[in-house]
Each structure stands twice: as C-alpha cells, then as structure tokens.
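Visitor: The following block contains the structure, expressed as structure tokens.
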C-alpha cells in the first residue's frame, strides 16, 4: 500500500483529497439525517484540503469550481439543519 502524504507527494495527496470529497458527497446521497450531514461536512473538509495544494494562484479556474462545489455542499448542510 502506498501512503500519499502531503509533504512527500503534494499533488497526489491533493487529488486523493478531491476523490475523497467526491466519494463522500456521493455517499451522503444514500443516507439521511445526522450521517448525511457528517458525510457532507467531511466532503467539504476534504475539498478544502485539496485547495491547499491547488490554490487560486496555481489553478484559478479550478479554484472557482471548487468554491462553487463547496458552496453547494454547504447549502445542502444548511438545508439539513433548517427546521
């Protein structure tokens, strides 16, 4: 098994975080309630981690896409928290 640390392999680590975010978001669609919220929070966290390597300076278009994706996930979280 290969371990991709941020320090040793920043781009590979960032892509792993991106894939994790997408997978968690997909999983969130299959569950409800607190588990769904938890998965969405973790998805947003993983996508933000991806953005620590692929910053706005490095990837401006990707940065904007990530921001929109995170905003959409956060909107789902807020909808779950609404009474």
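A short reminder: the numbers here are calculations on the coordinates, not readings from a lab. The model shown is predicted, which means the values in this text are computed figures rather than measured ones. Backbone-built Cβ (ideal geometry, glycine too); neighbour counts: all protein chains shown.
Visitor: What is the chain by shape, rounded, prolate or oblate, if you read a ≥ b ≥ c off the alpha carbon gyration tensor as root eigenvalues and call it rounded for a/c under 1.5, prolate for a/b larger than b/c, and oblate otherwise?
Guide: oblate
Visitor: Moving to a separate point now. Mind checking the angle between helix 33-50 and the chain's longest principal axis? C-alpha axes, 0 to 90 degrees, to the nearest 10.
Guide: Here the helix axis deviates by roughly 20 degrees.
Visitor: Okay, moving on. Relative to the first principal axis of the alpha-carbon coordinates of the chain, what is the inclination of helix 60-81, with its axis defined by its Cα atoms, in degrees from 0 to 90 and to the nearest 10?
Guide: 20
Visitor: Could I ask something else about it? Stretched out fully, how many nm does the piece from residue 2 to residue 79 gain, at 0.36 nm a residue minus the Cα gap? Walk me through the numbers on the way to the answer.
Guide: Numbers: separation 77, 0.36 × 77 = 27.72 nm, distance 3.79 nm.
Taking residue 2 through residue 79 to full extension adds about 23.9 nm, to one decimal.
Visitor: Can you give the FRET efficiency to the nearest 0.05 for residue 11 and residue 38, using r as the Cβ-Cβ distance and R₀ = 41 Å? All intermediate terms of the calculation are to be shown ahead of the outcome.
Guide: Working: r = 28 Å, r/R0 = 0.68.
Given R0 = 41 Å and the Cβ-Cβ separation, E is 0.90.
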